[in-house]
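Structure first, commentary second.
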Amino acid sequence: MSAQGGNRAVIAALTANAFIAATKFVAWGLTGAASMLAEAVHSVADTGNQILLLRGGAAAKHAATPEHPFGFGRARFINAFLVSVILFSLGGLFALYEAYHKVEEVIDGHPNELLASQWWWVPVVVLMLAIVAEGFSFRTAIRESVASKGRQSWLRFIQTAKAPELPVILLEDFAALLGLSFALVGVGMTLITHNPLWDAAGTALIGLLLIAVAVTLAVETRSLLLGESATVEATARITGALSGADGVGRVIHLKTLHLGPDEILVAAKIAVEPTESAVRVAEIIDNAEAAIRASEPMVTALYLEPDIDRDAPKQQAE
């Protein structure tokens with residue numbers, strides 16, 4: 001996935017959420033609908049999340065330093081993990097608290113502000129407009145993801161993607177559309193039945209949804225933060241390039257690690273032809289390095305250890 005494509009999806013989501021958050025707060029201020037407040041806070045959290053993703057992308061471009069010799073590529077992973085924390089706390093837990101608070105008000109016999117308001121129609125209009133805006137944002141994220149997804153299922157793409165921006169935006173936008181639907185049903189049924197518990201139920205569903213998305217994001221980004229190897233396809237290209245390099249007998253062992261979404265560290269022990277010439281060994285290593293970088297451009301850090309293939313005589317004897 002290109003960083004530019006991810007940024008387009010993030011900017012589209014940021015624009016949509018900033019606009020939607022403002023309209024939701026207006027609707028909540030006019031009617032006091034719990035689901036509108038939950039959705040407004042949800043949109044604020046999403047807006048902050050998109051800013052975090054953009055900042056992570058910018059930080060990842062910083063040049064390596066002596067203290068961080070492999071660069072700052074993991075800043076994108078860190079900020080994506082922070083997104084999951086914000087969604088869980090500011091989004092999910094707040095919505096559940098607001099739902100609990102509204103249920104308490106119903107039990108205590110407090111009049112419902114939505115039913116008493118002359119602006120009862122505003123939340124319905126705002127939610128429908130928000131669904132349209134989120135739909136456009138979701139469509140942008142899908143279009144930017146298609147090339148990277150390939151023939152994988154969407155679930156598999158989210159689970160295996162090394163670049164966090166598009167999976168995060170896809171999950172956020174999907175959760176936003178579901179949350180808006182829950183809010184619309186809750187507000188609509190409250191207005192139809194005059195039972196404010198519908199509004200509280202819609203708010204609770206929004207909270208549970210956001211917590212589920214947050215946990216999913218946290219699990220996936222935690223794996224990236226701990227350090228994931230290159231994909232099977234990338235590893236096969238690297239191994240093939242090494243094995244086919246002039247003077248390399250075989251790959252004894254190979255380890256890879258993603259330093260960032262588009263940066264791979266490779267460490268390998270390779271069997272080279274028996275020779276007493278240091279110049280020839282250096283030439284073999286140079287050829288192998290060139291072959292690897294040509295086959296997999298994401299390799300930014302490369303360490304090769306030459307060795308004699310001591311198993312070769314045994315294999316020949318067999």
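Since every read-out is calculated from the coordinates, none of them should be taken as a lab result. Bear in mind that the values here come from a model prediction, so they are computed numbers and not experimental data. Ideal geometry is used to build each Cβ from the backbone, glycine not excepted, and the neighbour counts take in all protein chains shown.
Results, tabulated for the structure shown:
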| read-out | value |
| --- | --- |
| Residues (surrounded by fewer than 19 Cβ atoms within 10 Å (Cβ to Cβ) and of a type in the set (D, E, K, R)) located in the stretch 150-170 | Arg151, Arg156 |
| Selection count where residues are in a strand (DSSP E or B), of a type outside the set (Val, Ile, Thr) and in contact (Cβ under 8 Å) with a residue 40 or more places away in the chain, scope the stretch 239-280 | 8 |
| Selected residue (only one of Asn17, Asn79 is under 30 Å from Val266 (Cα atoms) and part of a helix (DSSP H, G or I)) | Asn79 |
| Looking only at the stretch 113-139, and only at residues there that are surrounded by 14 or more Cβ atoms within 10 Å (Cβ to Cβ) and of a type in the set (Gly, Ala, Ser), the one that is nearest to Phe25 (Cα to Cα) | Ala130 |
| Candidates Gly73, Gly92, filtered to the one that is more than 30 Å from Asp199 (Cβ to Cβ) and either assigned to a helix (DSSP H, G or I) or under 22 Å from the mean Cα position of the chain (by Cα) (or both) | Gly73 |
| Matching option when the condition is in a helix (DSSP H, G or I) and either among the aromatic types (Phe, Trp, Tyr) or more than 15 Å from the chain's Cα centre (by Cα) (or both), among Thr190, Thr216, Thr221 | Thr190 |
| Selected residue (only one of Ala40, Ala64, Ala99 is surrounded by 14 or more Cβ atoms within 10 Å (Cβ to Cβ) and closer than 25 Å to Ile11 by Cα) | Ala40 |
| Subset of the stretch 275-290 that is hydrophobic (A, V, I, L, M, F, W, C) and under 16 Å from Gly249 (Cβ atoms) - its residue that is nearest to the chain's Cα centre (by Cα) | Ala288 |
| Some residue of the stretch 99-115 being among the polar types (S, T, N, Q), part of a loop (DSSP other than H, G, I, E, B) and either closer than 21 Å to Trp198 by Cα or touching a residue at least 60 places away in the same chain (Cβ under 8 Å) (or both) | yes |
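For (1) closer than 24 Å to Gly57 by Cβ; (2) surrounded by 17 or more Cβ atoms within 10 Å (Cβ to Cβ); (3) in contact with a Ser or Thr (Cβ under 9 Å, 6 or more places away or on another chain), each residue gets a yes or a no:
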residue	(1), (2), (3)
Gly240	no, no, yes
Val272	no, yes, no
Ser277	no, no, no
Leu304	no, yes, no
Asp307	no, no, no
